[in-house]
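The values are calculated or read from the model by the stated rules, or taken from the named source; none is laboratory data. Not measured: the values here are computed from a predicted model. Positions of Cβ are generated from backbone atoms using ideal geometry, with glycine treated the same way; all protein chains shown enter the neighbour counts.
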Amino acid sequence: MEVTEKIQGILATLPTKPGCYLMKNAEEKIIYVGKAVNLRNRVRSYFHADAGHDNKTRRLVREIADIEWIVVGSDLEALILEMNLIKKHRPKYNVRLKDDKRYPYIKVHWADPFPQVSVTRQMVEDGSRYFGPYTSAWAVYQTLDVLRKVFPYLTCDREITGTDQRACLYYDIKLCTAPCIGAITQAAYRQMISDLMDFLSGHSEGIVQRLEKEMLKASEEMRFEKAAALRDQLKAIQNIIERQRIVFATDYLDSDVIAMARSNGEACVQVFFIRGGKLIGREYFILEGTEDTADSEVMEQFVTQFYTEAANIPEQVMLPQQLEEARIIGQWLRSKRGGKKVEFFVPKEGQPHELVQMAAENATETLQALRAQWQADTHKQETALAELHDALRLPAPPNRIECYDISNTQGTAIVGAMVVFTQGVPDKKLYRRFNIESVVGAPDDFASMEEMLTRRFRRWRAAEESQNQVGAKKDASFAFLPDLIIIDGGKGQLGRAVQVLEKFGLADKVPVVGLAKQREEIFFPHKSEPLLLPRHSQGLYLIQRIRDETHRYGITAHRKKRQKLGMASQLDTIPGIGPARRRALLKHFGSVDKIRDASLEELKAVVPEQTAHAVKAHLE
């Protein structure tokens, strides 16, 4: 194995301390993150004779062009740093959770006087309680729909004083307890939310017992309406409990049961959540980058990445096999549980062993179902691309499709949207938006489209001219030509697109069509008759999806720009502030809120003293 002079120099200077190492390819992209008790020994082992290396490690080593390392104080610090680096950089040779989006959680705003319940994708330390993660936002909302009927929590933005004259409709349909009119006290409302949290945690026995006592007491005191409401609440709770499978005695440790199935470089991990002796829920997670990686390492990576995201950590984690670094991971989980021990348990017999087996069987079935779905989706995408290839008479299947649209309101905040689909699926990292600068006053979508496409292909030409320069970096959004351009508009928009392509000498290299909004007619350059694809063809479905995604992306970018302009326009009403000073203030402080919070001295560093006083007086 040849080792470059640069790598040899790095290997010679590696420290013998614990830490993390980051391996980079020739484009300076991080392709692997690892941790080591002894950095020198671990990193050098990659470059020894590769007879003992698996195929994945051999491929990794061939790509390594640079190595960085970070020294830490202990094994635990190395573990935490490695997790954070994998989450941040998502290196292609690391085992990682497939979805890079944040998972949804149920959030109980416990720090508020009258806590509400919401769905969030980010946990922050604000006194709230979190439950999750869940793999499906739809499942979270379904859960909350059920819970709200049992625990009718607040969903409005009213300031709760208890003195409002009327409650909203939700009180009438029994989906709110109406603290706004004093129909429930703050203490009783918070008790209900506490019950909801206990219920989400799988501990419902105490809730049932307390509600039964309250129902009997209300009945004895002849408060029959209250007793009936409690009876209905109890019935709803018991209906849910009956669907939860009882697996252990209630005094058994709260546990997560984790097992895995693997196939063709992917792994599916199933997690069962056992709380209060009951199976209260289950989630599956897909891992990628698992080729040629031992089961124990895959499971270890899952455990660390999953519990980085988990809102709650149980007393016990059941696994099909022991983790090599169980001591360090257990130490980390203990710190996350506030010093309470977390036990790793590999059951060999009895009900715990059956549970692990059942989780493994579920993982296998889930992975098989997902693979069938992925294959069906791939077939649909291939069919759609083949149909477009034939119907549009393209020289090759359109593996890279770019779609363009213009969004504006009466000519203000004009934004152009560029969306890229690769192999029939959205490639969101390549999306780009353009703030249109050449159109002022009355809206002109034709000129806006011309500006956007001119800027796009100007970037392509710059990439072409710099491709032989050492160290030049390519922006994948612009450096490659599309196999098909779709213009969201009719003949006029299409005509401007053709003019731009001709200007760059691309009219014969890049196919372009226009998509009319009403009948979804496809227009071709220099042809009067449009094409109508069959209503149920996969090609039409793909074009509709691309068009809808471009519209969504453009509207979102336009809305953000409009909001930003609305904030900035506050500055225009201040004496002494013109376009130049407004730009200077926004560039220096970043937002109107930060300008408002700035001191007089900070403002005077950007604008004259008299103007600084005017800004301060106006915004305060």
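Residue-by-condition table, conditions (1) within 30 Å of the chain's Cα centre (by Cα); (2) farther than 18 Å from K226 by Cα:
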| position | (1), (2) |
| --- | --- |
| M123 | yes, yes |
| W138 | yes, yes |
| D145 | yes, yes |
| C156 | yes, yes |
| E159 | no, yes |
| L169 | no, yes |
| C176 | no, no |
| F199 | yes, yes |
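At pLDDT below 95, outside any helix (DSSP H, G or I), small (G, A, S) and more than 30 Å from D195 (Cα to Cα): which single residue out of G9, G34 fits that description? First the steps, then the outcome.
Numbers: G9 fails: outside any helix (DSSP H, G or I).
Answer to the check: G34.
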Please enumerate the residues belonging to the stretch 504-519 that are farther than 22 Å from R458 by Cβ, out of contact with any strand residue (DSSP E or B) (no Cβ under 9 Å at 6 or more places or on another chain) and charged (D, E, K, R). R519
Can you find even one residue in the stretch 525-538 that is out of contact with any Lys or Arg (no Cβ under 8 Å at 6 or more places or on another chain), under 15 Å from P398 (Cβ atoms), assigned to a loop (DSSP other than H, G, I, E, B) and modelled with pLDDT under 90? yes
In the stretch 492-520, which residues are of a type in the set (D, E, K, R) and surrounded by fewer than 17 Cβ atoms within 10 Å (Cβ to Cβ)? E502, K503, D508, K509, K517, R519, E520
Using beta carbons and a limit of 9 Å, which pairs, at least six apart or on different chains, have the first residue in the stretch 64-85 and over 26 Å from K336 (Cβ atoms) and the second one β-branched (V, I, T) and in a strand (DSSP E or B)? I64/I31; E68/I30
Could you check E354 against (1) without any contact (Cβ under 8 Å) to a residue 40 or more places away in the chain; (2) not assigned by TED's automatic domain parsing to the domain that holds L319 and say which number it fails? (2)
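Where in the stretch 272-366 are there strands (runs of 3 or more DSSP E), lying wholly inside it, with at least 1 residues that are among the aliphatic types (A, V, I, L, M) and under 24 Å from the mean Cα position of the chain (by Cα)? Give the steps one after another, and end with the answer.
Values: elements: 278-288, 316-318, 343-345.
Ranges flagged: 278-288.
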Could you list all residues from the stretch 588-620 that are of a type in the set (K, R) and either surrounded by 15 or more Cβ atoms within 10 Å (Cβ to Cβ) or without any contact (Cβ under 8 Å) to a residue 24 or more places away in the chain (or both)? K594, K604, K616
The stretch 1-44 - residue that is in contact with a His (Cβ under 9 Å, 6 or more places away or on another chain) and not β-branched (V, I, T) and, of those, farthest from R327 (Cα to Cα): M1
Restricting attention to the stretch 104-138, which residues are over 16 Å from F199 (Cβ atoms), of a type in the set (A, V, I, L, M) and either assigned to a helix (DSSP H, G or I) or in contact with a Ser or Thr (Cβ under 9 Å, 6 or more places away or on another chain) (or both)? A111, A137
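Hey, does the stretch 178-187 have a residue that's touching a strand residue (DSSP E or B) at 6+ places or on another chain (Cβ under 9 Å) and touching a residue at least 40 places away in the same chain (Cβ under 8 Å)? I'd like the intermediate steps shown before the answer.
Keep residues of the stretch 178-187 that are touching a strand residue (DSSP E or B) at 6+ places or on another chain (Cβ under 9 Å), which gives none.
No; the residues of the stretch 178-187 include none that is touching a strand residue (DSSP E or B) at 6+ places or on another chain (Cβ under 9 Å) and touching a residue at least 40 places away in the same chain (Cβ under 8 Å).
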Among the residues of the stretch 159-190, which ones are of a type in the set (K, R), assigned to a loop (DSSP other than H, G, I, E, B) and surrounded by 11 or more Cβ atoms within 10 Å (Cβ to Cβ)? K174
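Which of the residues spanning the stretch 320-343 are among the hydrophobic types (A, V, I, L, M, F, W, C), touching a strand residue (DSSP E or B) at 6+ places or on another chain (Cβ under 9 Å) and in contact (Cβ under 8 Å) with a residue 24 or more places away in the chain? Give the steps one after another, and end with the answer.
Residues of the stretch 320-343 among the hydrophobic types (A, V, I, L, M, F, W, C): 323, 326, 328-329, 332-333, 342.
Subsequent filtering for residues that are touching a strand residue (DSSP E or B) at 6+ places or on another chain (Cβ under 9 Å) retains 323, 326, 329, 333, 342.
The answer is L323, I329, L333, V342.
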Can you tell me which residue is modelled with the highest pLDDT among those in the stretch 198-246 that are touching a Ser or Thr at 6+ places or on another chain (Cβ under 7 Å) and β-branched (V, I, T)? I237
Number of positions in the stretch 378-407 that are within 15 Å of L533 (Cβ to Cβ) and either part of a strand (DSSP E or B) or among the acidic types (D, E) (or both): 3
Given the structure, is T366 of a type outside the set (A, V, I, L, M), in contact with a helix residue (DSSP H, G or I) (Cβ under 6 Å, 6 or more places away or on another chain), surrounded by 15 or more Cβ atoms within 10 Å (Cβ to Cβ) and touching a residue at least 40 places away in the same chain (Cβ under 8 Å)? no
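State yes or no: is V420 in a helix (DSSP H, G or I) and surrounded by 14 or more Cβ atoms within 10 Å (Cβ to Cβ)? Give the steps one after another, and end with the answer.
Details: in a helix (DSSP H, G or I): no; surrounded by 14 or more Cβ atoms within 10 Å (Cβ to Cβ): yes.
No: the conditions fail for V420.
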The lone condition T135 fails out of (1) outside the structural domain of G162 (by TED's automatic domain parsing); (2) in contact (Cβ under 8 Å) with a residue 60 or more places away in the chain is (1)
Quick test for you: out of G265, G277, pick the one residue that is in the same structural domain as K341 (by TED's automatic domain parsing), at positive phi and modelled with pLDDT of 80 or more. G277
In the stretch 575-587, how many are crowded, with 17+ Cβ neighbours inside 10 Å and either under 16 Å from A617 (Cβ atoms) or acidic (D, E) (or both)? 3
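Yes or no, residue by residue, for (1) of a type in the set (S, T, N, Q); (2) crowded, with 20+ Cβ neighbours inside 10 Å; (3) assigned to a strand (DSSP E or B); (4) out of contact with any helix residue (DSSP H, G or I) (no Cβ under 6 Å at 6 or more places or on another chain):
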{"position": "R40", "(1), (2), (3), (4)": "no, no, no, yes"}
{"position": "R44", "(1), (2), (3), (4)": "no, no, no, no"}
{"position": "H48", "(1), (2), (3), (4)": "no, no, no, yes"}
{"position": "E68", "(1), (2), (3), (4)": "no, no, yes, yes"}
{"position": "G73", "(1), (2), (3), (4)": "no, no, no, yes"}
{"position": "E77", "(1), (2), (3), (4)": "no, no, no, yes"}
{"position": "R102", "(1), (2), (3), (4)": "no, no, no, yes"}
The lone exception for F345 - which of (1) in contact with a Phe, Trp or Tyr (Cβ under 8 Å, 6 or more places away or on another chain); (2) at pLDDT below 95 it fails: (1)
